[in-house]
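Worksheet: one structure, shown below.
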Amino acid sequence: MKPKVYFSRTITPEKVLELYKLLGKELPGKVALKVHSGEKGNHNFLGPDFWKPLIDEVGGTIVECNTAYAGERDTTEKHLELFKYHGWSEMYDVDLLDAEGPDLVLEIKNHKQIDKNYVGKNLANYDSLLVLSHFKGHPMGGYGGALKQLSIGIGSSYGKAYIHGVGEPEKIWTADHNSFLEAMADAASSVVDYFEGKIVYVNVMKNMSVDCDCCAVAEDPCMADIGILVSTD
């Protein structure tokens, strides 16, 4: 069975909610809303105003994890300040999943590169997951979308380094590149398995720069907007 993917070329907050409702997938229990908080100085990320109609409909808690590199998101204190600066915490409850250790370790079945995934331990507090992805380029991943949100995004600070280094965090920037990409897919699969089908994915193909939302200084978008995609896959 091929999964259904709902698509619209119209990119508005209201259209995101419309497509989500068309999907007809109810997320049970306590819902984690995975967003990208946006590095300070970045102008391409999608902020809380864009996601508001959908978040208000679903409820739940905004979740993120700290970074493994220097910036305004590499400590819990700085990251929470950035959430305030970008308006997230004024509108919603925010949970940095790895604000305090120890990490939650997920087993990776049928792995290619890594057999465990270190995620923020607070992930265990949630019953379902709504992945809100801004699709764009990425310096190392090639592009960033739902798979990167599941892997690097939900990985703890240590977990991010572990994935990048293909099981050797000290090799965060020097590991074999193709092996890193496979490790990222390994990590994503463990989160999919963890939620056992209780996930919805929203990808918004807008403001598509070659740079990620994690770049403080990012290139301006280099292609036209494409649209919104919503699916359980």
* Structure fact -> Per the filter on the range 196-233, residues over 17 Å from the mean Cα position of the chain (by Cα), hydrophobic (A, V, I, L, M, F, W, C) and modelled with pLDDT under 95 are Val210, Ala216, Val217, Ala218, Cys222, Met223, Ala224
* Please specify each residue of the range 111-142 satisfying the condition of being open to solvent by less than 20 Å² (accessible area, probe 1.4 Å), over 17 Å from Ala32 (Cα atoms), out of contact with any Leu (no Cβ under 6 Å at 6 or more places or on another chain) and not in a loop (DSSP other than H, G, I, E, B). => Lys136, Gly137
* Which residues, taken from the range 1-11, are assigned to a loop (DSSP other than H, G, I, E, B) and either surrounded by 17 or more Cβ atoms within 10 Å (Cβ to Cβ) or under 20 Å from the mean Cα position of the chain (by Cα) (or both)? -> Ile11
* To do: Could you figure out which of (1) surrounded by fewer than 22 Cβ atoms within 10 Å (Cβ to Cβ); (2) closer than 21 Å to Ile163 by Cα; (3) not acidic (Asp, Glu) isn't true of His36?
  => (1)
* At least 2 residues that are within 20 Å of Lys206 (Cβ to Cβ) and open to solvent by less than 50 Å² (accessible area, probe 1.4 Å) in each: list the helices (runs of 4 or more DSSP H) lying fully within the range 39-110 that qualify. => 48-58
* Asked: Restricting attention to the range 154-179, which residues are in a helix (DSSP H, G or I) and either open to solvent by less than 30 Å² (accessible area, probe 1.4 Å) or under 21 Å from Asn66 (Cα atoms) (or both)?
  -> Ser157, Tyr158, Gly159, Lys160, Ala161, Tyr162, Ile163, His164, Pro169, Glu170, Lys171, Ser179
* Asked: Taking only pairs six or more apart or across chains, which ones have beta-carbon atoms under 7 Å, a first residue in the range 101-114 that is within 21 Å of Ala175 (Cα to Cα) and in contact (Cβ under 8 Å) with a residue 12 or more places away in the chain, and a second residue that is open to solvent by 70 Å² or more (accessible area, probe 1.4 Å) and in a loop (DSSP other than H, G, I, E, B)?
  -> Ile108/Asp115
* Asked: Among the listed residues Leu82, Leu33, Leu46, which satisfies the condition of being closer than 19 Å to Leu17 by Cβ, touching a Phe, Trp or Tyr at 6+ places or on another chain (Cβ under 9 Å) and aliphatic (A, V, I, L, M)?
  -> Leu33
* **Subset of the range 185-208 [assigned to a loop (DSSP other than H, G, I, E, B), open to solvent by 30 Å² or more (accessible area, probe 1.4 Å) and more than 19 Å from Asn110 (Cα to Cα)]** => Lys198, Lys206, Asn207
* Structure fact -> All-but-one check, Asp98 against (1) of a type outside the set (A, V, I, L, M, F, W, C); (2) modelled with pLDDT under 95; (3) in contact with a Cys (Cβ under 7 Å, 6 or more places away or on another chain), failing number (2)
* Determine, yes or no, whether Glu182 is under 19 Å from the mean Cα position of the chain (by Cα) and part of a helix (DSSP H, G or I). => yes
* **Number of the condition not met by Pro221 [criteria: (1) open to solvent by 50 Å² or more (accessible area, probe 1.4 Å); (2) in a helix (DSSP H, G or I)]** => (2)
* Asked: Could you give every pair whose Cβ atoms fall below 6 Å, whose first residue belongs to the range 72-100 and is more than 17 Å from Lys34 (Cβ to Cβ) and in contact (Cβ under 8 Å) with a residue 40 or more places away in the chain, and whose second residue is open to solvent by 50 Å² or more (accessible area, probe 1.4 Å) and part of a helix (DSSP H, G or I), counting only separations of at least 6 or pairs across chains?
  -> Glu72/Lys78
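The values are calculated or read from the model by the stated rules, or taken from the named source; none is laboratory data. Because the structure is predicted, anything quoted here is derived from the model rather than measured. Reconstructed Cβ throughout: ideal geometry from the backbone, glycine too, with neighbour counts over all protein chains shown. Note: areas computed on protein heavy atoms with side chains; ligands, DNA, RNA excluded. Shrake-Rupley method; radii C 1.70, N 1.55, O 1.52, S 1.80 Å.
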